[in-house]
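Right, one structure below, let's go through it.
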Amino acid sequence: MEKKYHGSKKNSNWNCLLLLIILLLFTVVSINVLLYVYLEHVYVSTSYPYADPTTCPQGYFKIGNMKNCSAWLTCDGINKEVRRLKLVGEGAVKKVYLSEWKEMKVALSHLTVPDLQEDFLHGLRMLQSLQSRHVVTLVGYCEENYSILTEYHPLGSLKNLDDTFNLPKYKNFNTWQNRLELAIDYVSIIRYLHNSPLGVLVMCDSNDLDKVLSQYLLTSDFHLVANDLDALPLVEKEKGVFVKCGPREITGSFVAPEQLWPYGPEKEFSNDLMPPYDEKTDIWKIPAVTDYLLGHVEGSDIVRFHLFLIHRECKKENPVERPSAQTILDTYKRIMTLLMKELSVSDARDML
């Protein structure tokens, strides 16, 4: 009788263990289903909105802890209410000063070269017209003294990305997931410019990687916004209007083949003879920018492997054969979804 009792107890223990295993498997499967639905919604939705739901009406802004929208500051408001603190940046067109408005940090940009007034004003018009979550928030402007006031982002431009990730405060953010998110943001901005309210715009300040990176700011919550919009010419294919990014010869492997002088060194460069091109020059540069954004963290090479095919398409010699920014964005999101699902399965196996 005692032997039967021990046998019965042993069977009962096995039954309890089996039940626990079944419950654990059910929990893991449920988590994966929920994660799958969430990721499909977050990363694959093609109705990705251009504007942030909290974006103010045209002519108004909201930054920092502001609860209500305020009208763009004018010359009078900038002169009276904005306090300049220190110089934080200087380019070919303007100087940028960290400033303060109502105890909030803002960036005050001043034109430095009178001959470049047209570029400066073009950048202002673009800022006014393209306000969205993809573009730095315009706070005010004064055309009389060529000043523009925008939201200040303390992490600075994308050129500082690796230095930022190396800071103790942000080391835990230095993952392939966050870096791929930045690449998705970057392609989202290109997609927005190619489908902007003004038409098809080309990011012309992009002749080398450093120049591209300087055009974008890293926000405190690790997203990207376009900041420098001084060179955004319009393409109107139906009217036969194409662009040339400046009157001087462009060289180097970073730029698209159609941006290079096509007649060889034996013929002197002439802007009049240089063929124009379209927005597909931006597509050519996406793989190089994304490669920089991915860095060399654990998992980044796996991401590069998954991006190989779409990046190969971006590098087609014939610009017509390159994919649209929308196609690239959809591909990036699908790859993010796939990799996140694979990661969740791997984590579930570790739990078992």
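The values are calculated or read from the model by the stated rules, or taken from the named source; none is laboratory data. Computed from a prediction, not measured in an experiment: that's the story for all the values here. Because the Cβ atoms are built from the backbone with ideal geometry, glycine has one as well, and the counts that use them run over all protein chains shown. In case anyone asks, the SASA skips ligands and DNA or RNA and just uses the protein heavy atoms, side chains included. Shrake-Rupley method; radii C 1.70, N 1.55, O 1.52, S 1.80 Å.
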Original post:
In what sequence, highest mean first, do 77-85, 128-136, 269-277 appear when ranked by Cβ atoms within 10 angstrom?
Top reply: 128-136, 77-85, 269-277
Subject >> Simple label model, 7 Å out from Cα along Cβ direction - E90 to V113, nm >> reply: 1.4 nm
Original post:
Cβ under 11 Å from I189's Cβ, I189 left aside: what net charge do those residues give with Lys, Arg +1 and Asp, Glu -1?
Top reply: 0
Original post:
Excluding same-chain residues fewer than 8 positions from K237, which lysines have a Cα within less than 16 Å of its Cα?
Top reply: K280
Original post:
With no solvent and one point on each alpha carbon, what is the Debye value of log10 I(q)/I(0) for segment 179-316 at q = 0.11, 0.12 Å⁻¹?
Top reply: -0.44, -0.52
Subject >> Of K169/K315; K62/K341; K94/K244, pairs whose Cα-Cα distance is over 28 Å >> reply: K169/K315; K62/K341
**OP:** Determine the per residue accessible area of segment 118-261 with all protein chains present and a 1.4 angstrom probe, expressed in square angstrom.
**Re:** 41 Å²
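If you add up the charges near S99, with Lys and Arg at +1 and Asp and Glu at -1, over every other residue whose beta carbon is less than 14 angstrom from its beta carbon, what do you get? Don't jump to the answer; show the numbers that get you there.
Working: positive: K80, R83, R84, K86, K94, K95, K102, K105; negative: E81, E100, E103, E151.
Here the count lands on +4.
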**OP:** Between I22 and Q177, take the C-beta separation as r, use R0 = 35 Å, and let me know the FRET efficiency to the nearest 0.05.
**Re:** 0.65
Original post:
Given labels modelled 7 Å from the Cα in the Cβ direction, how far is it in nm from E103 to E143?
Top reply: 3.5 nm
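Could you give the length gained by full extension between D162 and F308, i.e. 0.36 nm per residue of separation minus their alpha carbon distance, to one decimal place?
Values: separation 146, 0.36 × 146 = 52.56 nm, distance 2.30 nm.
Length difference between fully extended and current span is 50.3 nm.
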**OP:** Calculate what fraction, in whole %, of the accessible area of segment 88-218 sits on carbon and sulfur atoms when a 1.4 Å probe is rolled over the protein chains.
**Re:** 46 percent
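About the Cα centre of segment 193-258, what is the dipole size in debye to 20, counting +1 per Lys and Arg Cβ and -1 per Asp and Glu Cβ, all else neutral? Could you put the intermediate results ahead of the total?
Details: 5 positive and 10 negative charges, 43 e Å.
Charge dipole, segment 193-258, about its Cα centre: 200 debye, nearest 20.
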Original post:
Percent of accessible area on segment 261-326 owned by carbon and sulfur, 1.4 Å probe?
Top reply: 57 percent
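Dipole magnitude of segment 233-352 about its Cα centre, charges +1 at Lys/Arg Cβ and -1 at Asp/Glu Cβ only, in debye to the nearest 20?
Numbers: 16 positive and 20 negative charges, 37 e Å.
It works out to roughly 180 debye.
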Original post:
With every protein chain in place, what's the accessible area of E181 (1.4 Å probe, Å², nearest 10)?
Top reply: 50 Å²
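Return one quarter of the surface area of the convex hull spanned by the alpha-carbon atoms of segment 265-320, equal to its mean projected area, in nm². Let's see the in-between values first.
On the way: hull surface 22.5 nm².
Averaged projected hull area, Cα only: 5.6 nm².
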Subject >> Cross-link reach list, aspartates and glutamates versus K102, counting only Cα pairs under 16 Å and skipping chain neighbours closer than eight places >> reply: D76, E81, E151
